[in-house]
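Chemist: Before we start, here is the structure in question, set down as structure tokens.
Read-outs: derived from the displayed coordinates by stated rules, not from any lab. Because the structure is a prediction, the values reported are computed rather than measured. Quick reminder, even Gly has a Cβ in these numbers, built from the backbone with ideal geometry, and neighbours come from all protein chains shown.
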Amino acid sequence: MNAAVAMAGIQKAFGGVPVLRGITLEVAPGSILGLVGENGAGKSTLMNILGGNVQPDAGSISVGGQPFSPRTPADARTAGIAFVHQELTLFGNLTIAENLHLTRFPRRWGLPWIDRRASVRQAADLLARVGLSQRADMLVERLTAGERQLVEIARAIGAQARVLILDEPTTSLGAVERGRLLSLLRELQDAGLAIIFISHELSEVLQICDSVVVLRDGQVAGTGSASTFSVQSLVALMVGREVRQLYPPVRAPGNQEPLLEVRRLGEPSVAHEISLTLHRGEMLGVFGLMGAGRSELARMLFGLDRHTSGDVLLEGRPLSGGPAQRIRRGLAFVTEDRRQDGLCLEAPVADNMTLVHLAALTRTPLRLIDRAALRAEVARMSTDVRLTRAAPHLPAGRLSGGNQQKVILAKWLLRPPRVLILDEPTRGIDVGARGEIYELLHRLADTGTGVLVISSELEELTGICDRILVMRQGEIGGEFPRDRFVREDLLRAALPVRVSG
């Protein structure tokens, strides 16, 4: 049987810098291939070549045994290749149904008239397959990041492709949604699809994939059956060394001085009388399933969204106004979508780092930016966050996901905040960069900053937090100190309906 996809000797360089150095891989029909590696290892570039977004400098590709040289994404779609990118490509001002059928609307009686009813009906069927209950005529801009991810996957399934490429498909999903997606991938595999699964969640890769290819610095560092690898062996191949410990050592209990107090915070559609206290120097985690209200809570605390009842106090004083006022009071917010909300992708790294601190970098009386001071601050923060391979003039959009997240952290830490709120801080980031970010957050908390970490990754929260709050249906469903971190108990508290046993 011919391989569904075979890539041989693929090479690619950007600006004279080699990115892919002779990559060879195959994936058979009805199988799932895991593609892993650190940020910048070449995974996305390799798949962008297969998807027609990037042209290789050398090498060959075949699909179903036939030579394949895509020049555009349309060529890949015609060949039966569907690509769900890490950075989502939906249009927020269109409905779910319109996004699902953007290039292939159902027609009425074979005429050039869109059959709206058929479009909504077919979209509803696709949404049901990925476990979404939203109406197909809902605008995409009203969906959460996780729900948008599932819509992207539904669109790829609807294309009836022979090859499905998934680039970090579970990073926006909660535990329940992840399980549902992995079950769906098994169904697609049984139907004969060839699936290429790119992920930094290595345990997930070993759970779902038949075989694994490990990339490091644009080369194949290892390949074989998934059953022959462990998480530790994959990490060692990815980084070229053994990573002994991902999470920092457990911190000694800090003081119990209240720093941020939330009292009966409410907004009818997303939050119901939420009360919590973040102590000085504490790392407080917030866990919950998709739709529990975690991100909405963060946005209200930062002043992006309004609340209709309740109070927020910082150091005993009421906190009000929008983000600008709250930044001045010492709040900082790392959003869940770094490319959409956290960075100016076309602007240089230096500009992104200093954007919220320009007033402190200006000279009186003309209020001109002190370029020497700016360069010094950027150099200092680049060292502090261990930013690699990034010159200050490089556009932020050119960096890997891990380095982009470090730029955002550097932006807020240039003047250390009193409270740092992080929503999915390591989404789509490789294991090496994760460890560096965790260490950075612990160092920050040790200086007295209160750190509020919102994550769908239970292992992450139990690894770095002093205490975890569990949200469900817009409410606090449980509070767990470190000595009560039991995965089953945390998941049970997150379920909409309590289960016994």
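Chemist: Using a 10 Å cut-off around each Cβ, can you sort LEU188, LEU495 from fewest to most neighbouring Cβ atoms?
Modeler: LEU495, LEU188
Chemist: Can you tell me how much longer the chain between ASP341 and GLN325 gets when fully stretched, taken as 0.36 nm per residue apart minus their C-alpha distance, in nm with one decimal? Let's see the in-between values first.
Modeler: Values: separation 16, 0.36 × 16 = 5.76 nm, distance 1.82 nm.
Extra length available between ASP341 and GLN325 comes to 3.9 nm.
Chemist: Search the structure for amide H atoms under 5 Å from the amide H of LEU215, placed 1.01 Å from N in the peptide plane, and list their residues when 5 or more places away or on another chain.
Modeler: Here the answer is VAL36, GLY37, ALA221, since their amide H atoms fall under 5 Å of that of LEU215.
Chemist: Could you let me know the centre-to-centre spacing of segment 309-363 and segment 405-438, using Cα atoms, in angstrom?
Modeler: Using only Cα atoms, the two centres lie 14 Å from each other.
Chemist: May I ask you to sort LEU355, LEU166, LEU88, LEU366 by Cβ crowding, counting other Cβ atoms within 10 Å and putting the fewest first? Walk me through the numbers on the way to the answer.
Modeler: Working: LEU355 13, LEU166 25, LEU88 17, LEU366 6.
Ascending Cβ contact count within 10 Å gives the list LEU366, LEU355, LEU88, LEU166.
Chemist: Between VAL250 and ASP446, 0.36 nm times their residue separation minus their Cα-Cα distance comes to what?
Modeler: This chain segment gains 69.4 nm when fully extended.
Chemist: On to the next question. Quick one: order TYR438, TYR247 by neighbouring beta-carbon count within 10 Å, fewest to most. Could the numbers behind the result be given before it?
Modeler: Details: TYR438 21, TYR247 15.
Sorted ascending by nearby Cβ count, the order is TYR247, TYR438.
Chemist: Please list, ordered by chain and number, the residues whose modelled amide H lies under 5 Å from the amide H of ILE468; skip anything fewer than 5 residues away on the same chain.
Modeler: GLY285, PHE480
Chemist: Here's another thing I want to ask about it. Just how far, in whole angstrom, is segment 175-222 from segment 30-100 if you go by their alpha carbon centroids?
Modeler: 15 Å
Chemist: Can you check how the C-alpha radius of gyration of segment 5-239 compares to 2.2 N^0.38 Å, as a plain ratio?
Modeler: Values: Rg = 18.0 Å, N = 235, 2.2 N^0.38 = 17.5 Å.
Its radius of gyration relative to the 2.2 N^0.38 Å reference: 1.03.
Chemist: Only bridges with both residues in the chain count here: give the DSSP antiparallel percent, nearest 5.
Modeler: Counting only bridges with both partners in the chain, antiparallel ones make up about 55 percent.
Chemist: Oh, and also: Quote the FRET efficiency, to the nearest 0.05, computed for LEU102 versus SER275 with a Förster distance R0 of 60 Å and r equal to the Cβ-Cβ distance. Don't skip to the answer; put the middle values down first.
Modeler: On the way: r = 44 Å, r/R0 = 0.73.
Once the sixth-power term is evaluated, E becomes 0.85.
Chemist: So for each of 135-147, 317-329, 393-405 I average, over its residues, the number of other beta carbons within 10 Å; can you give me the resulting order with the highest mean first?
Modeler: Descending packing order for the listed peptides: 393-405, 135-147, 317-329.
Chemist: Extension gain GLN219-VAL17, at 0.36 nm per residue separation less the Cα-Cα distance, in nm?
Modeler: 71.4 nm
Chemist: Continuing with this model, one more query. Can you give the direction-averaged projected area of the convex hull of the alpha-carbon atoms in segment 258-494, in nm²?
Modeler: That works out to 12.9 nm², a quarter of the Cα hull's surface.
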